[in-house]
Structures are given as C-alpha cells and as structure tokens.
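Asks: Here it is, the structure in full.
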Amino acid sequence: MSDLIPQLRRTVPALLDDAGEDAVQRVLEFFTAEIRNQNTREAYARAVRQFFDWAERRGLTLETIEPMHVAAYVEADDRSASTVKQHLSAIRRLFDWLVTRQVLSSNPAAPVRPPKLVVEEGKTPVFTAEETRELLDSIVDRQDVGRLRDRALIGVMVFTFARVSAVAGLDVQDYYRAGHRWTLHLQEKGGKRRDVPVHHKAKEYLDDYLDAAEIRDEKNAPLFQSLDRSRELTGNRLESDSVLQMVKRRAEDAGFDPDQVCCHTFRGTGITTYLENGGKLETAQHIAGHASATTTKLYDRRNRNIEQEEIERIRI
C-alpha cells in the first residue's frame with residue numbers, strides 16, 4: 001500500500017489535479033480505501049483516466065461536468081457494451097465517492113443510462129471432454145516434475161471450476177484430507193474462501209506431482225511453484241501470468257491453437273462437461289463460487305457442441 005499511493009498520485013489526470021489537493025486526496029482514498037481488489041482498481045483507474053482526459057480536451061473542469069457530458073462520452077464510445085458499462089460504473093462510483101466526501105454537490109453520472117447489454121453466453125473458448133483428456137494426456141512425463149506440475153494445475157482448474165488466481169494461490173496445506181475425502185481450500189476473489197472435494201482424477205494428478213516434487217511436508221510452501229533453469233522447483237509461487245504462458249505452450253504442443261486457449265477455458269470446460277452429464281446449474285454455481293446462476297450460465301456451452309456428423313447431413 002505504501003508504494004501504491006505514490007504510483008496512483010503520479011497517474012492522476014490533470015483535470016483532477018487542477019481541482020485542488022482536496023479533490024486529489026479524495027480520489028486517492030477512493031482507489032485505496034474503497035477499491036480493494038487489484039484488478040478492479042487497475043480497470044477503474046484506466047476508465048477514470050480516459051474519461052477525465054476526454055473531458056479535459058473539451059475544456060471541462062471537475063465542477064462543470066454535467067450529465068450531458070457523461071452521456072456524450074458514453075454515446076461516442078464504440079467499444080463493446082460490456083466495456084462501456086464497466087467504464088460508466090467506474091466513473092459513477094468515483095463521483096459518488098466525491099459527493100459523499102463533499103467535493104461535489106451531485107453526481108453527474110448518476111442519471112446516465114448504460115448501453116443495453118444482453119449476454120446469453122460468454123466468449124471464453126472451451127474444450128470438449130475428449131479434447132481436455134487429449135491435452136492432459138499429452139503433458140504427462142513421470143520423470144519431469146514440471147510436466148507433472150502443469151498437468152496437476154490444469155486438472156485442478158478443470159475439476160474445481162476455480163479461477164487461475166485461486167489455483168495459483170494454493171499452498172501445500174490447502175490440499176488436505178477431511179475424513180475419507182480429499183479437499184482443496186480455495187481463496188477466490190473478494191476474499192471468498194471455499195472448500196471443494198477433489199475429483200479422483202485431480203487427486204491422481206496432484207499425488208503424482210507431489211510425490212515427484214517431494215514437498216508434501218512443506219505445508220506453508222506454495223503448491224504450484226516456478227522452475228529454475230535446471231527444471232527444479234524454486235520454492236517460489238507460480239504467478240497467474242506464468243500459468244497463462246504455460247497453458248498456451250502446453251496447448252500448442254498438443255496441437256491446439258494457443259490463441260484460442262486461456263486459463264478460463266478450463267473453468268468453462270469443467271462447468272459445461274458437468275452440465276452435459278446431468279449436473280444441476282445451482283450446484284455448478286455453488287462449486288464455481290458464483291453469486292448468481294446467470295453468471296454460471298455464461299460458461300454453459302452445451303448448445304454449441306454440434307456434432308460433426310450433424311453438419312455432414314447438409315448434403316449439397
């Protein structure tokens with residue numbers, strides 16, 4: 001946090017800087033005290049900076065921005081509806097904060113309606129069950145701890161529907177036995193923690209990796225660790241960005257297009273496969289840690305899985 005404040009201070013838009021030190025301090029408070037998630041903070045900072053740079057080019061000041069200006073900004077934005085909605089949300093929340101801190105008397109973004117957004121299915125590419133098995137089987141090499149690590153990591157993402165940040169954040173002690181079953185203790189975004197029973201295939205992958213890594217007794221160590229040049233574990237946590245690079249590399253090695261694969265692919269793959277095999281949407285929502293079943297539905301690609309044989313019925 002001590003490094004964050006100077007960093008944010010250097011990136012405050014000139015329009016806000018011109019509004020005075022009190023306004024700047026309230027803006028810094030918003031991004032440090034109100035916005036706690038790092039990814040949200042970065043996304044909101046980009047949105048706020050872009051809006052105020054736009055306003056400054058039009059000769060506006062913090063006090064002279066009105067609803068029609070915010071509406072004009074939204075109207076001129078030709079990006080996707082979801083991006084515009086996120087940007088408007090960031091602008092609106094910042095203005096709300098400035099109103100409650102008595103920097104402004106009213107929120108000029110409050111009356112502005114966001115673009116209509118109808119999303120029935122997410123954009124994240126998913127694999128079929130057969131493709132997922134093909135990928136996982138292509139990774140295995142019992143003499144290579146790195147390959148065993150990668151197979152276990154991807155397996156955990158598939159069988160727990162977990163986000164990559166939650167999987168990368170696991171420690172050895174988060175994989176534990178509870179009675180007769182093994183469990184993973186995951187920490188998701190927003191500070192949510194959940195315990196997920198370990199699928200037998202995921203357990204097989206984890207046990208193979210831990211046996212090769214010899215870190216079972218290092219309870220406080222990161223479960224998934226980076227490798228040094230000798231392909232030995234470093235003891236340091238494998239970061240989410242490195243996981244993405246690994247996923248793309250493993251996909252390409254298995255003959256898949258790396259541009260069509262990301263870490264979220266395995267979240268969507270797990271949810272879709274679960275539902276295809278008779279799983280309940282409400283249970284999938286619970287496993288995935290979604291607040292709403294509507295979010296879970298975005299990962300359901302059952303309607304996309306048209307068999308090649310059906311397409312071949314189009315005989316021309």
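The values are calculated or read from the model by the stated rules, or taken from the named source; none is laboratory data. Just so we're clear, the structure is a prediction, and the values are computed from it rather than from any experiment. Cβ atoms come from the backbone with ideal geometry, glycine included; neighbour counts cover every protein chain shown. In case anyone asks, the SASA skips ligands and DNA or RNA and just uses the protein heavy atoms, side chains included. Shrake-Rupley method; radii C 1.70, N 1.55, O 1.52, S 1.80 Å.
Asks: With bins 10 Å wide starting at 0, give me the P(r) of the range 11-79 over every alpha carbon pair, in whole percents.
Replies: Bin by bin from 0 Å, the calculated values are 18, 49, 31, 2.
Asks: Read through the labelled values [x] 34, 57, 10, 0; [y] 29, 53, 16, 2; [z] 27, 47, 26, 1 and report the label of the one computed as P(r) over Cα pairs in 20 Å bins from 0, in percent from the structure.
Replies: Identified label for the calculated read-out: [z].
Asks: Apply the Debye scattering formula to the range 159-280, with a single equal point scatterer on each alpha-carbon and no solvent, then give log10 I(q)/I(0) at q = 0.09 Å⁻¹.
Replies: -0.27
Asks: Find the relative contact order for the chain and round it to a whole percent, using C-alpha pairs within less than 8 Å whose residues are 6+ positions apart. Walk me through the intermediate numbers first.
Replies: Details: 387 pairs, mean separation 49.3, N = 316.
This gives 16 percent for the chain.
Asks: If you scale each eigenvalue of the Cα gyration tensor by 5 and take the root, what three semi-axes come out for the range 50-180, rounded to whole angstrom and sorted largest first?
Replies: On the way: eigenvalues 456, 74, 38 Å².
Rounded to whole Å, the semi-axes are 48, 19, 14.
Asks: Same structure again: How many nm separate the modelled label positions at ARG10 and ALA72, each set 7 Å beyond the Cα in the direction of the Cβ?
Replies: If labels sit at ARG10 and ALA72, their model points lie 3.3 nm apart.
Asks: Find out how many positive minus negative residues lie around ASP253, taking Lys and Arg as positive, Asp and Glu as negative, among other residues whose Cβ is under 13 Å from that of ASP253. Please list the in-between numbers first.
Replies: Working: positive: ARG147, ARG151, LYS248, ARG249, ARG250; negative: GLU134, ASP137, ASP141, ASP144, ASP150, GLU252, ASP257.
Taking every other residue near ASP253 into account, the sum is -2.
Asks: May I ask you to derive the relative contact order of the range 94-250, considering only C-alpha pairs under 8 Å and at least 6 residues apart, and to give it as an integer percent?
Replies: Working: 177 pairs, mean separation 31.8, N = 157.
Taking the mean separation of contacting Cα pairs over the length of the range 94-250, I get 20 percent.
Asks: If we count every other residue with Cβ under 10 angstrom of TYR205's Cβ, Lys/Arg +1 and Asp/Glu -1, where does the sum land?
Replies: Working: positive: ARG149, ARG151, LYS201, LYS203; negative: ASP150, GLU204, ASP207, ASP208.
So the surrounding residues net to 0.
Asks: Assuming R0 = 41 Å, can you tell me the calculated FRET efficiency for the pair GLU29 and GLU130, based on Cβ-Cβ distance, to the nearest 0.05? Mind showing how you got there, number by number?
Replies: Details: r = 52 Å, r/R0 = 1.27.
Given R0 = 41 Å and the Cβ-Cβ separation, E is 0.20.
Asks: What do you get when you divide the Cα radius of gyration of the range 125-181 by 2.2 N^0.38 Å, with N the number of residues? Provide the component values of the computation, followed by the final result.
Replies: Working: Rg = 12.8 Å, N = 57, 2.2 N^0.38 = 10.2 Å.
For the range 125-181, the normalised Cα radius of gyration comes out at 1.25.
Asks: Pop a pseudo-label 7 angstrom from the Cα along the beta-carbon direction at both ARG194 and ALA293 and give the gap in nm to one decimal.
Replies: 1.5
Asks: Here's a follow-up. Determine the per residue accessible area of the chain with all protein chains present and a 1.4 angstrom probe, expressed in square angstrom. It would help to have the intermediate numbers written out before the result.
Replies: Numbers: 17710 Å² over 316 residues.
Here the residues of the chain average 56 Å² of exposed surface.
Asks: Let me have the 222 nm mean residue ellipticity of the chain computed from DSSP H runs of 4+ only, each contributing -39500 (n - 2.57), with the sum over all residues rounded to the nearest 500. Write out the running numbers ahead of the final one.
Replies: Working: 15 runs with 161 residues, N = 316.
Only helices count here, giving -15500 deg cm²/dmol.
Asks: Using a Förster distance of 51 Å, how high is the FRET efficiency between THR83 and ARG142, based on the Cβ-Cβ distance and rounded to 0.05? Show your work: numbers first, answer last.
Replies: Details: r = 45 Å, r/R0 = 0.88.
It comes to 0.70.
Asks: Next up: What range in the chain is the longest one free of trypsin sites (Lys or Arg not before Pro) that are in a loop by DSSP and have at most 13 other Cβ atoms within 10 angstrom? Before the final figure, lay out the partial values.
Replies: Values: sites that count: ARG36, ARG58, ARG79, LYS116, LYS123, ARG142, LYS192, ARG216, LYS219, ARG229, ARG231, LYS280, ARG313, ARG315.
Here the longest segment lacking exposed loop sites spans 143-191.
Asks: Let me ask another. Karplus couplings for the range 149-166 from phi (6.51 cos²θ - 1.76 cosθ + 1.60, θ = phi - 60°), rounded to Hz, Gly and Pro as x?
Replies: Working through the residues one at a time gives 4, 5, 5, 5, 5, 5, x, 5, 4, 5, 8, 10, 6, 7, 5, 4, 5, 5 Hz.
Asks: Using a probe of 1.4 angstrom, how much of the accessible area of the chain is carbon and sulfur, in percent?
Replies: About 46 percent, which is the carbon plus sulfur part of the accessible surface.
Asks: Mind checking the dipole of the range 18-148: about its Cα centre, +1 per Lys or Arg Cβ, -1 per Asp or Glu Cβ, Debye to the nearest 20?
Replies: On the way: 18 positive and 22 negative charges, 56 e Å.
Dipole size: approximately 260 debye.
Asks: Using a 1.4 Å probe, how large is the accessible area of THR64, given in Å² and rounded to the nearest 10?
Replies: Accessible area, nearest 10 Å²: 70 Å².
Asks: Provide the gained length on full extension for the span THR183 to SER226, in nm with one decimal, where the gain is 0.36 nm per separating residue minus the Cα-Cα distance.
Replies: Numbers: separation 43, 0.36 × 43 = 15.48 nm, distance 2.32 nm.
Net length gain for the segment: 13.2 nm.
Asks: What are the semi-axes of the equivalent ellipsoid for the range 208-280, taken as the square roots of 5 times the Cα gyration tensor eigenvalues, largest first, in whole Å?
Replies: On the way: eigenvalues 149, 68, 23 Å².
The answer is 27, 18, 11 Å, longest axis first.
Asks: Out of the GluC sites (Glu not before Pro) in the range 207-299, which ones are loop residues according to DSSP with at most 11 other C-beta atoms within 10 Å? Write down the numbers at each step before the final one.
Replies: Working: sites: GLU214, GLU218, GLU232, GLU239, GLU252, GLU276, GLU282; in loops: GLU214, GLU218, GLU232, GLU239.
Answer by residue number: GLU214.
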